[in-house]
Amino acid sequence: MTQAPTPTADTVRRLVRSLLGGSTEPDVRPVTDGVGPGTWWVGTRHVLRLAPDRETSSRRRRELRLRELVRPYVPVAVPASVAHGEWAPGLAYTLDAKVAGGSGEDHDVSALGEADLAALLTGLREVPLRQAETLGVPRAAPRSLETLRQSAERATRRLAAADEFDA
């Protein structure tokens, strides 16, 4: 088994230049904060994700198809791929238009954000199950509400003990 290549800024610049054209050097920088070395900001408008292995490549390709499937059913922005292909033999990339907003890890979630999440989940319920299954989404039995309630109670106790939640 051969070692997968590690993406460098030069690798990313060459790929981006071939995708977006232009004579100027593209502004690329790795996304940090818990994201793997294969995720890069490209200017202020794009995100480039480079799969590190074949399994991740397969998931990324399925993700592109899933985005297209769910887009008509959800009332929130779904990332759109500007380009996709292979950045190294057997290793996929996707160059996506950046979606406005930020990570919930970096920002407090507002009431509007909660409403968007509720709308997203409601919309996902409308996606035809058979179509999702043909893309490789596994069928799962509905989860027990009692089990979910018990998990929520445990989480509430942990948050209250950490003084993160007013029980």
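The values are calculated or read from the model by the stated rules, or taken from the named source; none is laboratory data. Keep in mind the model is a prediction, meaning the values are calculated, not measured. A quick note on method: Cβ atoms are made from the backbone with ideal geometry, for glycine too, and the neighbour counts reach across all protein chains shown. Each accessible area value is taken on the protein alone, full model and side chains, heavy atoms only, with ligands, DNA and RNA left out. Shrake-Rupley method; radii C 1.70, N 1.55, O 1.52, S 1.80 Å.
Would you tally the residues in the range 139-167 being open to solvent by 90 Å² or more (accessible area, probe 1.4 Å) and either assigned to a loop (DSSP other than H, G, I, E, B) or of a type in the set (S, T, N, Q) (or both)?
Summing the residues that are open to solvent by 90 Å² or more (accessible area, probe 1.4 Å) and either assigned to a loop (DSSP other than H, G, I, E, B) or of a type in the set (S, T, N, Q) (or both) in the range 139-167 gives 8.
Could you go through the range 7-20 and let me know if any residue there is assigned to a loop (DSSP other than H, G, I, E, B) and either farther than 29 Å from L121 by Cβ or open to solvent by 90 Å² or more (accessible area, probe 1.4 Å) (or both). Please lay out each step first, then the result.
First, pick out the residues of the range 7-20 that are assigned to a loop (DSSP other than H, G, I, E, B): 7-8.
If we keep only those that are either farther than 29 Å from L121 by Cβ or open to solvent by 90 Å² or more (accessible area, probe 1.4 Å) (or both) too, we end up with 7-8.
Scanning the range 7-20 turns up at least one residue that is assigned to a loop (DSSP other than H, G, I, E, B) and either farther than 29 Å from L121 by Cβ or open to solvent by 90 Å² or more (accessible area, probe 1.4 Å) (or both).
Mind checking which pairs have a first residue in the range 110-137 that is in contact (Cβ under 8 Å) with a residue 12 or more places away in the chain and a second that is open to solvent by 50 Å² or more (accessible area, probe 1.4 Å) and hydroxyl-bearing (S, T, Y), Cβ under 8 Å, 6 or more apart or different chains?
Cβ pairs passing all conditions: G123/Y73; L124/Y73; E126/Y73; V127/Y73.
Taking A132 as the residue in question, decide whether it is under 30 Å from P52 (Cα atoms), touching a Leu at 6+ places or on another chain (Cβ under 9 Å) and in a helix (DSSP H, G or I).
Numbers: under 30 Å from P52 (Cα atoms): yes; touching a Leu at 6+ places or on another chain (Cβ under 9 Å): yes; in a helix (DSSP H, G or I): yes.
Yes: the conditions hold for A132.
When you scan the range 95-110, do you find a residue that is surrounded by 13 or more Cβ atoms within 10 Å (Cβ to Cβ), in contact with a Ser or Thr (Cβ under 8 Å, 6 or more places away or on another chain) and not in a strand (DSSP E or B), even just one?
yes
Of the conditions (1) part of a loop (DSSP other than H, G, I, E, B); (2) open to solvent by 80 Å² or more (accessible area, probe 1.4 Å); (3) of a type outside the set (K, R); (4) within 28 Å of R49 (Cα to Cα), V127 satisfies every one except a single condition; which number is it?
Against the list (1) part of a loop (DSSP other than H, G, I, E, B); (2) open to solvent by 80 Å² or more (accessible area, probe 1.4 Å); (3) of a type outside the set (K, R); (4) within 28 Å of R49 (Cα to Cα), V127 comes up short only on (2).
Somewhere in the range 72-83, is a residue free of Cβ contacts under 8 Å to residues at least 24 places away in the same chain, open to solvent by 30 Å² or more (accessible area, probe 1.4 Å) and part of a helix (DSSP H, G or I)?
yes
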